[in-house]
Amino acid sequence: MSDQRKLYAISGADRIAFLQGLVSNDVSQLSDRLVYAAMLSPQGKYLADFFVTEHEDTILLDVSEVIAEAFIRRLSMYRLRADVQIAPSPLILSRGTGTPVAGALADPRHPALGWRLYAQSPVETPKVDWDAIRVAHCIPQTGIELQPDETYILEAGFERLHGVDFKKGCYVGQEVTARMKHKTKLRKGFATVRITGAAPVGTAIESGGKPVGTLFTQANGQAIAYLRFDRAQGEMQAEAATLNYDAT
């Protein structure tokens, strides 16, 4: 599944304060860098993930096309009387790995994800197997592993992916996220597993006849799986595929 994106410009005097009170990461300093963040429901469930950066006198927002319409609609609901305007941006996204082109910004989730450039025209780059990179480093994608109203961002690795800030103060869903952070250990979450064979995304994983989790993106003998960690031991099955998980 390709990750087509939509770009929006958030303008107005209240744009930073507006976002700061809604999203999981600190967006107070956006100059010359990308910030990865999520918007959550009041119950702490994932609704959307996105990148933001400063562009001239606006905040540029980069979000998956899969969730863009619903996300912008929800974001707009919170505007109330704030001096904030949200409009499509004419800029074009280019992505690549290796030496960044001029003006590109590092993807904050992981160095293997390279850089992102927002410009008036696209930049030609070599073809990259983004799914293989995601699987190798357990980086979930919108609309595949990340599902609105289902996913908890800490189970999805957002702390490891620099998508949540525990010192920034309140935002929607913050209390649930903070409680999960201060648990002794997460019982469930995404992990990269070894896989022999293949099975459709969404296939249930079992071990010894007990449910263990769900299989997602697969590449190069590995896969992203959502696991119940106390049951993810030994060989596991997902239809015809065999899986192994190394907790270390």
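The values are calculated or read from the model by the stated rules, or taken from the named source; none is laboratory data. Everything numeric in this text was worked out from a predicted model, so none of it was measured. Cβ: placed from backbone, ideal geometry, glycine included. Neighbour counts: every protein chain shown. The area values use the complete protein model at the heavy-atom level, side chains included, leaving out ligands, DNA and RNA. Shrake-Rupley method; radii C 1.70, N 1.55, O 1.52, S 1.80 Å.
Here are some notes:
- Dipole of the stretch 93-157, positive end: most advanced residue of 143, 98, 108 [Cβ charges, Cα centre]: 98
- Using θ = phi - 60° and Karplus 6.51 cos²θ - 1.76 cosθ + 1.60, couplings along the stretch 94-111 (whole Hz; Gly, Pro as x): 10, 10, x, 10, x, 4, x, 7, 4, x, 6, 10, 5, 5, x, 6, 6, x
- Per atom type, the chain shows carbon and sulfur on 49% of its accessible surface, probed at 1.4 Å.
- From helices alone, the chain scores -4000 deg cm²/dmol at 222 nm; the rule is -39500 (n - 2.57) for each run of n ≥ 4 DSSP H residues, then divide by the residue total.
- D_trans [Stokes-Einstein, Kirkwood Rh over alpha-carbon pairs] for the stretch 1-141, 20 °C, 1.002 mPa s, µm² s⁻¹: 136 µm²/s
- Karplus-derived HN-Hα couplings along the stretch 232-241 (A = 6.51, B = -1.76, C = 1.60, θ = phi - 60°), whole Hz, x at Gly and Pro: 7, 10, x, 6, 10, 10, 9, 6, 7, 8
- Only one residue of 177, 215, 192 has its Cα farthest out toward the positive end of the dipole of the stretch 173-243, where Lys and Arg carry +1 and Asp and Glu -1 on Cβ, and that residue is 177.
- Computed Rg/Rh of the stretch 155-228, alpha carbon atoms with Kirkwood Rh: 1.07
- Calculated P(r) tail over 35 Å for the chain, as whole % of Cα pairs: 17 percent
- Net charge dipole size for the stretch 9-61 [Lys, Arg +1 and Asp, Glu -1 on Cβ; Debye, nearest 20]: 260 debye
- Ranked by the mean number of other Cβ atoms within 10 Å of their residues, highest first, the peptides 166-173, 196-203, 18-25 fall in the order 18-25, 166-173, 196-203.
- Membrane-span-like helices in the chain (whole DSSP H runs, Cα extent of at least 18 Å along the helix axis, mean Kyte-Doolittle hydropathy of at least -0.5): 65-77.
- Distant alpha-carbon pairs in the stretch 117-248 (separation over 23 angstrom), percent: 40 percent
- Couplings for the stretch 167-173, taken from phi via the Karplus curve 6.51 cos²θ - 1.76 cosθ + 1.60 with θ = phi - 60°, read 10, 7, x, 6, 7, 5, x Hz in order; Gly and Pro are left as x.
- Taken per residue, the accessible surface of the chain reaches 50 Å², heavy atoms only and a 1.4 Å probe.
- Loop-resident trypsin sites (Lys or Arg not before Pro) (DSSP state other than H, G, I, E or B) in the stretch 47-87 with no more than 16 further Cβ atoms inside 10 Å of their Cβ: 79, 81.
- When the convex hull of its Cα atoms is projected in every direction, mean area for the stretch 100-166 (nm²): 5.9 nm²
- Shown is the FRET efficiency for residue 179 and residue 102, computed with R0 = 45 Å from the Cβ-Cβ distance and rounded to the nearest 0.05: 0.55.
- Label sites at residue 239 and residue 55, each approximated as a point 7 angstrom past Cα along Cα to Cβ, lie 3.9 nm apart.
- Our note on the geometry: Cα centres of the stretch 89-135 and the stretch 4-38, 19 Å apart.
- Applying a DSSP loop filter and a limit of 15 other Cβ atoms within 10 Å to the GluC sites (Glu not before Pro) in the stretch 42-101 leaves 56.
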